[in-house]
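*Asks:* Here it is, the structure, as structure tokens.
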Amino acid sequence: MTFLPSRNRRQPARARFLLGRLSLALLSLTAAPAATLAADAAMVINSARQPLHEALVELGRQTSMELLYDPALVAGKTAPPVAGRLTPQQALDRLLAGSGLIAVVENGKAVIEREPDNLDAATLSAITVTARRAEDGTTEGTGSYTSRVTSTASKTDLAFREVPQSVSVVTRQQIDDEHLTSVSDALAHAAGITVQRAAYNSYNFFSRGFQITSMQIDGGAPLALGAYTYDGAQDLAFYDRVEVMRGASGLLGGMGDPGGIINLVRKRPLAEYQLTMEASAGSWDNYRSMIDATGPLGFDGRLRGRAVRCTATAIPTWTTGTANPRCSTACWKRI
């Protein structure tokens, strides 16, 4: 049996040791660029909703990134679920959203710290938006020849698609543009309505072959045409719009005509002060004047009022008598 000197037996072990150190050195030289590349590269991240500390540990395991933070910063915080192909910075931003913490990724490491308080912030000036509710069927001031809702079927405003009948609306804008002064003038411009003059200041209205004998005010109970001042000759100065529902109205109003029903919607008090005055003169001593005042009355604008006064005189072509109607109305509203 031959024994090798002890010096020769130690040489392979020493060689293996030197080779291992060389391999570690080469690995460390290539690890730094790889870590830097991994910090910018997107990878598949999958983290469920869990405590923030456990979510950070899971993220570090999936990205092979070193995370540095004070455990007290993440104590008691919950991380949202994060899934998808993300860079480590994007994944950290989603995990820390709403926690008051931020992550700074650099050289393959991520440092988590408190979000600084001195973030650049700009205070914008106040913006006041003034508009009318879309659900309000008021047409005054809209400049429109149509309305979004109608109250002809009930005392509340309903969309047209909620009314199982055909409804026509003559808005305040159309009344002003065409200078319609009476209910009969407005109904003459409504689709599907035939106006027939029976006598002086007396009119008959027909729809679908049937005579309309009922009229509503603000969608209320039907009133007989010709009762009191509810007739086709009354002035439109007090009304915001004229609505006509064609077809049987008994199902919606409790009583009515098979031809339809007329609904007069009064003007509403406004939140701002407004004063309107009109005067006109025409042939056959046709004179008309109107004053309309509205605005807030008190309680910081929650109490509002409106008053309308109208006077008209005219001599019909077939009589020598003089019609001299005078009418006025007032209303108030508590908001």
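The values are calculated or read from the model by the stated rules, or taken from the named source; none is laboratory data. Small disclaimer: the values here were computed from a predicted structure and weren't measured. Quick reminder, even Gly has a Cβ in these numbers, built from the backbone with ideal geometry, and neighbours come from all protein chains shown. These accessible areas exclude ligands, DNA and RNA; they are computed on the full protein's heavy atoms, side chains included. Shrake-Rupley method; radii C 1.70, N 1.55, O 1.52, S 1.80 Å.
*Asks:* Sort through 181, 213 and tell me the only one that's touching a residue at least 24 places away in the same chain (Cβ under 8 Å), surrounded by 16 or more Cβ atoms within 10 Å (Cβ to Cβ), over 17 Å from residue 261 (Cα atoms) and among the β-branched types (Val, Ile, Thr).
*Replies:* 181
*Asks:* Here's something else I'd like to know. Select from segment 90-101 the residues that are open to solvent by 20 Å² or more (accessible area, probe 1.4 Å) and either under 16 Å from residue 65 (Cα atoms) or touching a helix residue (DSSP H, G or I) at 6+ places or on another chain (Cβ under 6 Å) (or both) and list them in ascending order.
*Replies:* Correct list: 90, 93.
*Asks:* Given the criterion at pLDDT 90 or above, surrounded by fewer than 14 Cβ atoms within 10 Å (Cβ to Cβ), polar (S, T, N, Q) and more than 30 Å from residue 208 (Cα to Cα), identify the matching residue among 294, 276. Give the steps one after another, and end with the answer.
*Replies:* Values: 294 fails: surrounded by fewer than 14 Cβ atoms within 10 Å (Cβ to Cβ).
It is 276.
*Asks:* Given the criterion touching a strand residue (DSSP E or B) at 6+ places or on another chain (Cβ under 9 Å), over 21 Å from residue 115 (Cβ atoms), open to solvent by less than 70 Å² (accessible area, probe 1.4 Å) and of a type in the set (Ser, Thr, Tyr), identify the matching residue among 63, 87.
*Replies:* Details: 87 fails: over 21 Å from residue 115 (Cβ atoms).
None of the others qualify; the one that does is 63.
*Asks:* Considering only residues that are under 19 Å from residue 164 (Cα atoms), assigned to a loop (DSSP other than H, G, I, E, B) and in contact (Cβ under 8 Å) with a residue 40 or more places away in the chain, which ones fall in segment 245-294?
*Replies:* 247, 248, 249, 255, 256, 257, 258, 259
*Asks:* Looking only at residues in segment 240-295 that are more than 17 Å from residue 152 (Cβ to Cβ) and acidic (Asp, Glu), which one is nearest to the chain's Cα centre (by Cα)?
*Replies:* Applying the first criterion (more than 17 Å from residue 152 (Cβ to Cβ)) to segment 240-295 yields 269-295.
When the remaining residues are screened for being acidic (Asp, Glu), the result is 272, 278, 285, 292.
Working: 272: 22, 278: 36, 285: 50, 292: 31 Å.
By that ranking, first place goes to 272.
*Asks:* Considering only segment 56-95, state which residues are in a helix (DSSP H, G or I), in contact (Cβ under 8 Å) with a residue 12 or more places away in the chain and charged (D, E, K, R).
*Replies:* Within segment 56-95, just 94 meets the criteria.
*Asks:* While we're looking at this one, here's another question. Which ones in segment 39-55 are assigned to a helix (DSSP H, G or I) and either within 18 Å of residue 107 (Cα to Cα) or in contact (Cβ under 8 Å) with a residue 60 or more places away in the chain (or both)?
*Replies:* 39, 40
*Asks:* Out of everything in segment 192-210 that is β-branched (Val, Ile, Thr) and touching a Ser or Thr at 6+ places or on another chain (Cβ under 6 Å), what residue ends up being least open to solvent (accessible area, probe 1.4 Å)?
*Replies:* The qualifying residue least open to solvent (accessible area, probe 1.4 Å) is 193.
*Asks:* Sticking with this structure for a sec: Keeping to segment 230-249, report how many residues are open to solvent by 10 Å² or more (accessible area, probe 1.4 Å) and small (Gly, Ala, Ser).
*Replies:* 2
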